[in-house]
Amino acid sequence: MSSRPKLKAYCDLSKLEEQVDNAVRERDEKVLSSLVAKMDGLQDDLGPEFKKVSDGLEGVEPNSAEGKKFADVFAALDEKCN
């Protein structure tokens, strides 16, 4: 997959994360299940490297130097989504 379709998949994934947050707040299990399935498909489109990085972020302290580097990378990607 070239970089443009991967960027679209990343942007779509970001939009779904917002919807997931809303579904969790509203305790809508049916919508949440559907959104998670869509997110899984987009993560598959982004490849195993993306999944590995996103899974590994759970162990990174956001205020650490490493966490700030990741935040900068994702912020740059997020800017391209707009």
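When only the Cβ of Lys, Arg, Asp and Glu is charged (+1, +1, -1, -1), the dipole of segment 1-42 relative to its Cα centre reaches about 260 debye.
With a Cα-only, solvent-free Debye model of the chain, what are the log10 I(q)/I(0) values at q = 0.18 Å⁻¹? Once normalised to I(0) and log-transformed, intensities are -0.87. In a fully extended conformation the segment linking GLU26 and LYS80 would gain 16.5 nm over its present Cα-Cα distance, using 0.36 nm per residue. What you get for the chain, charging only the Cβ of Lys and Arg (+1) and of Asp and Glu (-1), is a dipole of about 280 debye around the Cα centre.
Computed from the coordinates by the stated procedures, all read-outs in this text should not be read as laboratory data. Remember, predicted model here, so these are calculated numbers, not experimental data. Reconstructed Cβ throughout: ideal geometry from the backbone, glycine too, with neighbour counts over all protein chains shown.
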